[in-house]
Amino acid sequence: MAVPVKTPFTGDADADALLTDNPFALMLGMLLDQQVPMEWAFRAPALLAERLGGPLEPRAIAQMDPVDLEALFRAKPALHRYPGSMAKRAHALSLALAEHYGGDAANVWRDARSGDELLERLRALPGFGNDKARIFVGLVGKRLGVRPPGWEQAAADWPSIADVDSYERVTEIREQKRAMKAAKKAAAT
């Protein structure tokens, strides 16, 4: 019997395995998850690793010339709808992880004493605002079992990628997000 994939976000077994096995890939997918379909954002780390020709590591990306990284983001197929700005964000995230977390994305959550501390660490990272940080707390809690005390209160309380336990749920979560945005917009008018 096959072991269930913890991060079945892309529909591509290799890309999903990378997300489960490489904390930086998961964090990078979360960073890129805006203004593109979730599958595209979370498949991008596997494409980037392939283009790098080696392991996907924050230190390696932090040491790259940003122009070279942007070229990898722009190569066909582009890693994001906005490859230039997202390459800059990926570089900034990599620098922060190299400088503050020893080049290991898992160190962001490894010794967090509480959900609030984990949330604050994530919010301090480039490209992670409050909502994205809350979603990521839920993602590592629900998908990877990273559950410091109070993680559930710090996690997003709306449907997100953290709730995707099978690839089929990606579409369902997307539709729930659209409905929530439409309801929010209607309430504002």
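Restricting the search to helices (runs of 4 or more DSSP H) fully inside region 100-158 and requiring at least 3 residues that are closer than 21 Å to Met180 by Cα and out of contact with any Phe, Trp or Tyr (no Cβ under 8 Å at 6 or more places or on another chain) gives 130-144, 151-154.
Answer yes or no: is there a residue in region 77-90 that is without any contact (Cβ under 8 Å) to a residue 12 or more places away in the chain, open to solvent by 10 Å² or more (accessible area, probe 1.4 Å) and hydroxyl-bearing (Ser, Thr, Tyr). Within region 77-90 (the criterion being without any contact (Cβ under 8 Å) to a residue 12 or more places away in the chain, open to solvent by 10 Å² or more (accessible area, probe 1.4 Å) and hydroxyl-bearing (Ser, Thr, Tyr)), the answer is yes, since at least one residue qualifies. State all residues of region 84-98 that are under 16 Å from Leu122 (Cβ atoms) and not hydrophobic (A, V, I, L, M, F, W, C); if no residue qualifies, say none. Across region 84-98, the qualifying residues are Arg89, Ser94. Among the residues of region 126-144, just one is without any contact (Cβ under 8 Å) to a residue 12 or more places away in the chain and within 18 Å of Leu97 (Cβ to Cβ), namely Gly129.
For region 67-76, which residues satisfy the criterion of being outside any helix (DSSP H, G or I) and out of contact with any Pro (no Cβ under 9 Å at 6 or more places or on another chain)?
Taking region 67-76 first, the residues outside any helix (DSSP H, G or I) are 75-76.
Lys76, the sole residue that qualifies.
For region 141-174, the set of residues classified as at pLDDT below 90 and either of a type in the set (A, V, I, L, M, F, W, C) or open to solvent by 90 Å² or more (accessible area, probe 1.4 Å) (or both) consists of Glu168, Val170, Ile173, listed by residue number.
The values are calculated or read from the model by the stated rules, or taken from the named source; none is laboratory data. Nothing here was measured: the structure is a model prediction, and the numbers come from that model. Note that we place each Cβ from the backbone using ideal geometry, even for glycine, and neighbour counts take in every protein chain shown. Note: accessible area is taken over every heavy atom of the protein model, side chains too, but ligands, DNA and RNA are not part of it. Shrake-Rupley method; radii C 1.70, N 1.55, O 1.52, S 1.80 Å.
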